[in-house]
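One structure is given below, encoded as structure tokens.
The values are calculated or read from the model by the stated rules, or taken from the named source; none is laboratory data. Everything quoted here is computed from the prediction, not taken from an experiment. Cβ placement follows ideal geometry from the backbone for every residue including glycine, while neighbour counts extend to all protein chains displayed.
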Amino acid sequence: MCPMYWEDFTPGLKLKTLGRTVYDHDISAFVQLCGMYEELFMNREYYEKDTPYQGRIAPGALVYALSEGLVIQQGWLHRTGLAFLGLDNWRISRPTRPGDSIWVEVEVTDRKETKNPERGIVTAHHRVVNQKGEEIMGFNVTRMIRRKKTA
């Protein structure tokens, strides 16, 4: 998809990313990269027998990072996204397990002009959804977006 400018992000606009599957190796790599050596993510004996999940789950931070990657891969922010300004109301509704597939549904909720005519602010609600259509995570993202050049 082509990059989108501030003017394209009108409140009420709905977008959907492509999907991707979360694999065991994604969880292992993320935990190692971040140093999140929590038994909940790395000890099979523990997470299969001593947790309510009865199996491995992905860290919420990994699912968030994957969801941001899915948004970026769509091309909507290529050369127009100038800054990530904030993350609000981040909620995790249910666990993500190895083998789950996820995608992101984005709805623009607000758009504001700035003093600088070359950029504006966009806020959108992101819903991360699994292959069953269940929301697993939701949050609001605020970004600075490039505006179209005027003659």
(request) Quickly run through the stretch 39-60 and pick out the residues that are surrounded by fewer than 12 Cβ atoms within 10 Å (Cβ to Cβ) and either β-branched (Val, Ile, Thr) or out of contact with any Asp or Glu (no Cβ under 7 Å at 6 or more places or on another chain) (or both). (result) 44, 45, 49, 52
(request) Hey, can you tell me all the residues within the stretch 1-34 that are at pLDDT below 95 and over 19 Å from the mean Cα position of the chain (by Cα)? (result) 2
(message) Test of understanding: among 70, 87, which residue is modelled with pLDDT of 95 or more, surrounded by 15 or more Cβ atoms within 10 Å (Cβ to Cβ) and closer than 30 Å to residue 114 by Cα?
(response) 70
(message) Quick test for you: out of 37, 47, pick the one residue that is farther than 21 Å from residue 140 by Cβ, more than 22 Å from the chain's Cα centre (by Cα), part of a helix (DSSP H, G or I) and among the hydroxyl-bearing types (Ser, Thr, Tyr).
(response) 47
(request) Run down 105, 38, 68 and say which single residue is free of Cβ contacts under 8 Å to residues at least 40 places away in the same chain, within 19 Å of residue 17 (Cα to Cα) and acidic (Asp, Glu). (result) 68
(request) Kindly establish whether residue 82 is in a helix (DSSP H, G or I) and of a type outside the set (D, E, K, R). (result) no
